[in-house]
1. Which distances, shortest first and in nm, link A:D147 to the matching position in the other copies, using label points set 7 Å out along Cα to C-beta?
2. A:E151: accessible area at probe 1.4 Å, nearest 10 Å²?
3. Treat every Asp and Glu Cβ in the stretch A:29-94 as -1 and every Lys and Arg Cβ as +1, leave all other atoms uncharged, and give the resulting dipole magnitude about the Cα centre to the nearest 20 debye.
4. State the volume of the convex hull built on the alpha-carbon positions of the stretch A:29-94, expressed per residue in Å³ and rounded to an integer.
5. How far, in nm, would the chain grow between B:T98 and B:I157 when pulled straight, counting 0.36 nm per residue and subtracting the alpha carbon separation?
6. Quick one: 3J(HN,Hα) in Hz for the stretch A:49-66, Karplus 6.51/-1.76/1.60 with θ = phi - 60°, rounded, Gly and Pro as x.
7. Would you mind listing the distances between the A:G65 label point and the same position in each other copy? Use 7 Å along Cα-to-C-beta, nm, one decimal, shortest first.
8. Any idea what the B:L205 label distances to the other copies are, label 7 Å down the Cα→Cβ vector, nm, shortest first?
Protein chains: 2
Amino acid sequence: MSERKQTKAPPVMAEADIAIVRIAPETSFKNKAYEALKEAILKMDIYATPEPVMLDERALSERLGVSRTPIREAIAMLEQDGFVKTVPRRGIVVVRRTKAEIVDMIRAWAALESMAARLITTTARKKDITALRDFFKDFGKDRLPQDHIEEYSKANIAFHQALISLSESQVLVDMTNDILLHVRGYRQLTIGRKDRTATSLPEHLAIIEALEARDTELAEKLARDHTLGLATYVETHGQELFS
Amino acid sequence: MSERKQTKAPPVMAEADIAIVRIAPETSFKNKAYEALKEAILKMDIYATPEPVMLDERALSERLGVSRTPIREAIAMLEQDGFVKTVPRRGIVVVRRTKAEIVDMIRAWAALESMAARLITTTARKKDITALRDFFKDFGKDRLPQDHIEEYSKANIAFHQALISLSESQVLVDMTNDILLHVRGYRQLTIGRKDRTATSLPEHLAIIEALEARDTELAEKLARDHTLGLATYVETHGQELFS
DNA sequence: TGAATATTTTTGGCATACCAAATACCAGAA
DNA sequence: TTCTGGTATTTGGTATGCCAAAAATATTCA
């Protein structure tokens with residue numbers, strides 16, 4: 001069946017062979033609204049005000065220039081993600097996580113990253129592991145992380161994401177990214193990262209070394225303890241912000 | 001402010017004290033549809049047929065006796081869960097996971113349960129840990145698990161869920177339950193559980209013992225390896241079912 | 001007869017209108 | 001002034017109708 005069509009009209013097929021990649025399915029308003037709202041929620045500082053942050057369907061639909069229907073579908077999606085919660089006849093409130101939830105999420109993250117490390121020791125290529133050092137090539141004894149916090153913080157997150165990607169497990173990548181999205185806005189987390197920059201770099205390098213040495217147990221342990229350390233920091237120093 | 005109201009009109013307040021429990025918020029059609037569709041999807045055997053399973057909005061709305069609007073919102077939610085995928089102008093297809101995805105999910109599960117075990121060794125009460133044995137009290141040398149597979153399988157799942165609950169981390173509980181929902185339908189998983197019943201029980205008991213001994217590292221390792229064993233089984237014996 | 005083409009049907013996307021519950025607001029009574 | 005009742009408004013929930021793209025079907029022409 002298929003070969004007949006292929007060999008049929010060469011001149012005509014020629015233009016069909018050109019990079020037609022099933023063009024952008026022109027994302028629907030629903031998805032556009034979802035992305036827009038998600039970005040807006042992640043951008044705002046949820047923990048800045050004592051009053052709960054509310055969303056209004058009609059206002060949003062007017063704001064984004066679409067009807068309420070796609071907006072409502074987008075909100076249903078965000079609710080599944082755990083970013084908002086709609087209360088019938090009351091409104092849509094942006095979810096604020098408690099300190100305990102944040103700590104729990106970081107622990108889950110530690111578990112997943114630890115598993116990623118384990119997998120990496122058995123499957124990743126040497127060169128890919130070594131490449132992880134590049135994220136920190138701009139830091140050293142002459143250029144301390146704690147003196148360039150913003151820059152180091154970005155390298156830090158990039159490193160963790162690259163690390164997990166090396167596991168070649170899309171599930172682990174997706175789950176940890178999800179967690180990161182929920183946790184990023186928590187102020188104490190950022191502070192925790194800053195306070196820990198001094199010990200952070202050596203720990204990262206130790207993890208890389210264990211991975212290169214294919215020391216499964218050690219890599220797993222180091223990765224776990226590193227992130228678990230952040231959890232402990234937040235648990236100890238973080239204060240409960242409004243309920 | 002508050003005490004004044006309390007001491008004001010006793011006779012009137014008397015009737016207000018009657019069990020008024022903020023009646024059931026009567027779940028919306030959207031949520032009812034979500035639950036109904038989710039259950040239907042989980043109940044059906046996705047991997048039984050080569051052809052993709054499709055859903056039809058209009059058919060569903062007629063079937064459930066509601067309009068398309070709540071149906072569409074429910075489907076948007078299910079899509080976030082990863083149970084279905086809607087293709088514009090094509091239809092809504094029930095997602096079928098590949099063997100690799102299933103294996104990855106089981107590995108993530110292993111990571112999370114391992115972390116739960118770790119937490120349990122430091123926080124759970126002795127009696128709660130010991131109570132885990134009850135799930136298997138009906139099995140022993142005189143009544144082997146492999147001779148009562150169905151019964152043991154249920155006890156097995158109940159044990160794992162109870163174990164994770166002991167961590168007192170709602171995040172871990174939710175994440176593992178999610179994974180379980182996605183993985184349960186995969187036939188090779190069930191077969192794997194059956195083939196492994198013989199070694200399963202001793203491994204479970206070993207985990208419980210490590211927990212009771214508050215041996216963090218050991219409990220963590222045993223919990224991890226136990227579930228990782230299932231992942232390996234599926235990876236080795238499971239066959240790719242229709243792409 | 002077969003393939004290109006026109007037409008009908010199907011299907012998800014979106015806008016709009018209306019409903020009912022919850023709330024906010026306001027006027028009148030104590 | 002304060003409390004009570006009632007009314008107007010707000011807000012999420014749902015039903016309907018129409019649109020356009022894609023697929024399925026019918027039709028026409030060589």
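The values are calculated or read from the model by the stated rules, or taken from the named source; none is laboratory data. Note that this is a predicted model, so its numbers are computed, not measured. Glycine also receives a Cβ, built like all others from the backbone with ideal geometry; neighbour counts cover every protein chain displayed. Heavy atoms of the whole protein, side chains included, go into the accessibility calculation; ligands, DNA and RNA do not. Shrake-Rupley method; radii C 1.70, N 1.55, O 1.52, S 1.80 Å.
1. 7.4
2. Accessible area of A:E151: about 80 Å².
3. Its charge dipole is roughly 220 debye.
4. With only Cα atoms used, the stretch A:29-94 gives 83 Å³ per residue.
5. Details: separation 59, 0.36 × 59 = 21.24 nm, distance 2.24 nm.
Net length gain for the segment: 19.0 nm.
6. 10, x, 6, x, 8, 10, 10, 10, 3, 5, 4, 5, 5, 5, 4, 8, x, 10
7. 4.3
8. Distances between equivalent label points, in nm: 4.9.
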